[in-house]
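K.L.:
Dropping the structure in here first, questions after.
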Amino acid sequence: MNSDFPVVSRLSFSTHFGTTFVAHTGSGRLEHTRLLEDSPFHVPVVALGISSIPDYVFFTVPSRFLPLTAQYDPRVATVLAWQVVPQDEGKLALRNPVSSKFMSFQPGAEDEISAVMCDRDAVFEWEMLTCDAPPEATDDPLLRNIGLAITEFRNPGVIELDRPRLVDSRLAGLQTLPGRDVERLILLNDIVSFPWVRKDEVLRL
């Protein structure tokens, strides 16, 4: 493994309700559930951590091509960036780096799949997550290439990703940067010329 390459790790989270993340296979909508068995309508969501930007996590579904979104979040992408906001007692919250709204988890019965929302201005119990295990470094080529696309903006040709995932990963990486750097890198890379990118006013593209 190249020592200069940032370590890409899988992260394991559980909500205040003891649930984990899934995505609806039809809509890509983020949801949470206690159900762990296979479902034709839901797939597990993988949370990625990258050693060079430890204050962010990135959601994706490596098992299929599935653009993700959360309720009240205007972003729709195969890779979504979330800012990690530490809380008391080792807990954390996830904040949308575009809207600054916090992720929240709606309650449900034991066998229900419930909505993940992105519309909160403050963190209370329903917005809190627990990291269930230490980060687990991955050698999965797809996940490592997503990590490379997030952190590397100047050599996209060497990254082995399909164009939509490449652009989504780069946009997720741009969302972790200060505003002036974002503007500079957009100009350098002309990423808005890619057909996959919708020119969303919220994203300032």
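The values are calculated or read from the model by the stated rules, or taken from the named source; none is laboratory data. Worth saying up front: this structure is predicted, and the values here are computed from it rather than measured. Heads up, the Cβs are rebuilt from the backbone with ideal geometry, glycines too, and the neighbour counts pull from every protein chain shown. Quick note on the areas: whole protein, heavy atoms, side chains included, nothing else; ligands and nucleic acids left out. Shrake-Rupley method; radii C 1.70, N 1.55, O 1.52, S 1.80 Å.
K.L.:
Residues being open to solvent by less than 30 Å² (accessible area, probe 1.4 Å), modelled with pLDDT under 85 and assigned to a helix (DSSP H, G or I): count how many of those fall in the range 153-185.
P.N.:
So the answer is 1.
K.L.:
Under the condition of being open to solvent by less than 70 Å² (accessible area, probe 1.4 Å) and assigned to a strand (DSSP E or B), which residue from the range 24-45 is modelled with the lowest pLDDT?
P.N.:
So the residue we want is SER39.
K.L.:
Working only within the range 106-120, note down all residues that are open to solvent by 40 Å² or more (accessible area, probe 1.4 Å) and part of a strand (DSSP E or B).
P.N.:
Residues satisfying the conditions are ILE113, ASP119, ARG120.
K.L.:
Does SER52 satisfy the condition of being on the phi > 0 side of the Ramachandran plot and open to solvent by 60 Å² or more (accessible area, probe 1.4 Å)? Spell out the reasoning first.
P.N.:
Working: on the phi > 0 side of the Ramachandran plot: no; open to solvent by 60 Å² or more (accessible area, probe 1.4 Å): yes.
So SER52 fails the test.
Matching residues to (1) open to solvent by 50 Å² or more (accessible area, probe 1.4 Å); (2) within 16 Å of ARG165 (Cβ to Cβ):
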residue	(1), (2)
VAL61	no, yes
VAL76	yes, yes
SER100	yes, no
SER104	no, no
ALA122	no, no
CYS131	yes, no
PRO134	yes, no
